[in-house]
Amino acid sequence: MCIRDSINAEYGNGLPEMPSQQDVSLSIFSFGGLMFGCGTLLLGSYQGMAKMSDIGHGQPVSTPIAILVMETLKLGVSYFKLKGELSPDELGAAFRSIKPKDMLMYGVPGLCYAFNNNLEIVALRFMDPATNRLLNNLKIVSTALMFRSIMSKQITGQQVVALAMLLCGSCLASTAHGSGQDGELYVTTAGILVMILYGFVSGFAGVFNEYIMKQGVGADLSIHLQNLLLYSWGILLNGSAALLYQSTSRSAGFETAPQTVWWILFVLNGAFHGLVISAVIKYLSSIFKLFMSACAIFVAGALQLVLFNASHLPISFVVAAAIVSAALYLYNTPNVLPASMVASFDLAAPPEDTTFQDLVPISSATTVILGKKDKAEV
């Protein structure tokens, strides 16, 4: 029995259905425009804020502690949103309906996200924030391939072209071999390897998380309840990592007032950009989230000039950013290229027996068509 059925069995059928995705205007003063603008700025500035809080001696507070604070803030917001949706009796029934194996299910993406959230900050040791933001989009390649191989999703010829463009743009960005001095863009071989690992882990976590959030516990109830389960794992795992880190080494500590301010902004950014992205997906669509990722590359490039006093952005970065942006557009906008031009590149879906339906036991009997339900971004 799914959570909604459980609640209705106890308290009747008065619980309203979750709203479907709405059409929201994208004018600059609309809610949609505000979410899109805020999300772009938050995504584009996240790595830069993390770098500004490091004044040469490492992060003032261990990265697991910073991520722990972010996860706690996200859990608090999700709880109050869920509390506002349900009555006390319904809220209690929802929590009682969660089985241990359902909680364990969210531990898989929880572990992946905990690992990647820390890895993303570690990557800044090997590249500048703008290059990090650009290479962050490599996860789209791994996500697409895993959607095809694990969830039996077809990749159209146009999407194959888009993925090839994305790889080309990322390879072009990786040619920046500057010293990193005076805001110069750079990336090391180790940095490229770190981002490839980040992309694969992110791709797996995204596919697994989307599946269980759309067909698992609470799929028919509220995204906030699902987020509570996911963020609980983030708190547990990052809290454990923070305790381990504190027992083996010491952080640099805060040395200046500006560093403290940048660290606070970094933590608030990490806590809220995921919530803003969730709102964009809910009220706009996933394609706008990808457009935000594309625009965030240029925001990160502009901040490289403003915050790190770079004299200019290399032409290779500008071209790479344009290629990646075009790739994101092609991947998510059907029928831009003539079918006759790209039909030969189509990758058909693999047999159904390779899907998560056989790999992952789902307690809820509810089936939600992929693409029609909200999902969270972490």
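Derivation of every value follows stated rules applied to the coordinates shown; laboratory data play no part. Since we're looking at a predicted model, the values are computed, not measured. Backbone-built Cβ (ideal geometry, glycine too); neighbour counts: all protein chains shown.
How high is the FRET efficiency between V261 and V122 when r is their beta carbon distance and R₀ equals 25 Å, given to the nearest 0.05?
Calculated value: 0.65.
Just to check I understand the Karplus step: with θ = phi - 60° and J = 6.51 cos²θ - 1.76 cosθ + 1.60, what whole-Hz values come out for region 301-310, glycine and proline as x?
x, 5, 5, 4, 6, 7, 7, 10, 6, 5
With only Lys, Arg, Asp and Glu charged, each at its Cβ (+1 for the first two, -1 for the last two), find how big the charge dipole of region 114-212 is about the Cα centre; round to the nearest 20 debye. Write down the numbers at each step before the final one.
Values: 5 positive and 5 negative charges, 72 e Å.
Taking the Cα centre of region 114-212 as origin, the dipole is about 340 debye.
What base-10 log of the normalised intensity I(q)/I(0) is obtained for region 118-179 from the Debye formula, alpha carbons as equal point scatterers, at q = 0.16 Å⁻¹?
Once normalised to I(0) and log-transformed, intensities are -0.61.
For K99 and T175 in one chain, what is 0.36 nm times their gap in residues minus the Cα-Cα distance, to one decimal in nm? It would help to have the intermediate numbers written out before the result.
Working: separation 76, 0.36 × 76 = 27.36 nm, distance 4.93 nm.
Contour length minus the Cα-Cα distance gives 22.4 nm.
What value in Å³ per residue do you get for the convex hull of the alpha-carbon atoms in region 42-181?
It comes to 163 Å³ per residue, whole-number rounded.
Using a 10 Å cut-off on Cβ atoms, rank the peptides 265-274, 159-168, 127-136, 312-321 from the highest mean neighbour count down.
Averaged packing, sorted descending, gives the order 127-136, 265-274, 159-168, 312-321.
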